[in-house]
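Contents: one structure, followed by commentary.
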Amino acid sequence: MQQVKIESCKCLQGSTTIPGDKSVSHRSVMFAGLADTPVLIRNFLFAADCCSTISCMQSLGVKVETLSNQELCVQGNGMHGLKEPETVLNAGNSGTTLRLLTGILACQPFFSVFVGDASLSKRPMGRVISPLSQMGCRIAGRQQSKFIPMALMPGKEITGIDYRMPMASAQVKSAVLLAGLFAQGTTSVTEPFLSRDHTERMLAAFGVQVRREGLTVSVQAVDSLIAPQVIDVPGDISSAAFWLVAGTIIPNSKLILRNVGINPTRTGILDVLKRMGANIILENEHVSGQEPVADITVQSASLKGTEINGEMIPRLVDEIPALAVAALFAEGRTVISGAEELRVKETDRLKAIATELGKMGAVLQEKEDGLVIEGRQQLQFAVCRSYDDHRMAMSLAIAGLAGSGVGIMEPDCVNISYPNFFETLRSLSIW
Ligand code: S3P
């Protein structure tokens, strides 16, 4: 599809079950692939990014059987049972596939090479290569090991380190911890702020002793992973985010979002929207596997501008494009700072948000590490670019839905995390 056109809607009504969490789906296949008993994964997100993880794991000798459109069975060959891939591993658009698997593969007694798409080829890899090299891993990449393509060679001896991360990043933290499972001694990672902890939770469910003290998390080598028989993937709060925002800013709306993961390291979007005045109610809260979930009801509400910074940023890092749209409909100014990590996501999201919402007539300023957004704006129809970034495409869609419509270029990128996004949008919209 070259372009999709979204018209402004009267309101949003109905309920939808939120598709599986992307971060948890990736980890479920990777960790099950290191175990030696089969694992049934339910509510798996069959989206392009997670399919990149599946195909890499298959190239490493792991059996993955698709049972239905949400279920798969993974049969690994144990902690030391991965085999040398016969060809390059393609991580596609997926930073999580690339960075987490780098942590695992840099510790294997074989050679492997990673490639990816144009966007992934521009994303920084030094942040994982540096700590892994300190552990004794041998990795070389394009432009003095800053980018993929990247080659991983067997290291002599992998030893644990005490690593202080310069940024809050679950991908970097996970890469180092996963390498720690193969390293001598203890591997510790300390973050400036807490990032999503799905790796820690799922490793614990696979029998690994994961020690946490404040912002430091440590592991030691294990001989085997003791796999759970079943992993239930919660719905992705990052996908729910678009409906949380749209249901709030479009008058006379009421949406029920079912089975949403509410891991506290991910619920910044709920805290910020509530602080802005949103009407959000959590019901049926329960724990599914290692992750808390709930059904969420959102109804339209008038919002006030706010400030988003500091430790809040990693708790909503993927939701900033959607929150920027919410800010356009709030009364007063919203200031987002400390969000420089957005510049190295699937696209430079700070620049993309400022440019594309600007085309709709929004008044917002791009800062080095954030955005200043003026509220209560009258948006006009515009044709906007997604830059092939799934979260940009979906954020533009809800801006158009709430404003005066939008044309979105390169809309197919929603397949990266939410393949049914446009169908769901049509089923919930009253025009
Ligand atoms: C992810 C971590 C985040 C997030 C990405 C998924 C993960 O990246 O932006 O979409 O699954 O670990 P960083 O933690 O590296 O910022």
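The values are calculated or read from the model by the stated rules, or taken from the named source; none is laboratory data. From a predicted model like this one, the values you see are computed outputs, not experimental measurements. Cβ: placed from backbone, ideal geometry, glycine included. Neighbour counts: every protein chain shown. What goes into the accessible areas is simple: the full protein's heavy atoms, side chains included, and nothing from ligands, DNA or RNA. Shrake-Rupley method; radii C 1.70, N 1.55, O 1.52, S 1.80 Å.
For segment 22-232, the percent of C-alpha pairs falling in each 5 Å distance bin, counted from 0 to the bin holding the largest distance, reads 1, 8, 17, 21, 22, 17, 10, 3, 0.
Tell me, what % of the accessible area of segment 359-416 is carbon and sulfur with a 1.4 angstrom probe?
Working: 950 of 2070 Å².
C and S fraction of accessible area: 46 percent.
Comparing 61, 379, 321 along the charge dipole axis of the chain, the residue lying farthest to the positive side is 379, per the Cβ-charge model.
What is the calculated FRET efficiency for residue 380 to residue 86, with r their C-beta to C-beta distance and R₀ = 51 Å, to the nearest 0.05?
Computed FRET efficiency for residue 380 and residue 86: 0.45.
For the chain, the per residue solvent-accessible surface stands at 37 Å², with DNA, RNA and ligands left out and a 1.4 Å probe.
Each residue was assigned an accessible area with a 1.4 Å probe, and for residue 387 the value is about 60 Å².
In percent, what relative contact order does the chain have, based on Cα pairs under 8 Å that are 6 or more apart in sequence? Relative contact order, the chain: 18 percent. Based on Cα contacts under 8 Å between residues 6+ apart, segment 22-232 shows a relative contact order of 21 percent. Annotation: for a label point projected 7 angstrom from Cα along Cα→Cβ of residue 224, residues of segment 3-41 with backbone N closer than 16 Å are 32-39.
Percent of accessible area on segment 116-245 owned by carbon and sulfur, 1.4 Å probe? Present the calculation step by step, with values, prior to reporting the outcome.
Values: 2520 of 5040 Å².
Carbon and sulfur atoms account for 50 percent of the accessible area of segment 116-245.
Summing Cβ point charges (Lys, Arg +1; Asp, Glu -1) relative to the Cα centre of segment 22-232 gives a dipole of roughly 600 debye. Overall, the anisotropy analysis places segment 203-294 in the prolate class: the square-rooted eigenvalues a ≥ b ≥ c of its C-alpha gyration tensor yield a/c not less than 1.5, with a/b exceeding b/c.
Counting only DSSP H runs of at least 4 residues, each contributing -39500 (n - 2.57), and dividing by the residue count of the chain, the helix-based mean residue ellipticity at 222 nm comes to -9000 deg cm²/dmol. Positive-end ranking of 370, 87, 107 along the dipole of the chain, with charges on Cβ about the Cα centre, is headed by 370.
Only the Cβ atoms of Lys and Arg (+1) and of Asp and Glu (-1) were treated as charged; on that basis the dipole of the chain about its Cα centre amounts to roughly 500 debye.
Quick check: from the Cα gyration tensor, does the chain come out rounded (a/c under 1.5), prolate or oblate? Mind dumping the intermediate values first?
Details: a/c = 1.80, a/b = 1.64, b/c = 1.10.
Judged from the Cα gyration tensor, the chain comes out prolate (a/c at least 1.5, a/b above b/c).
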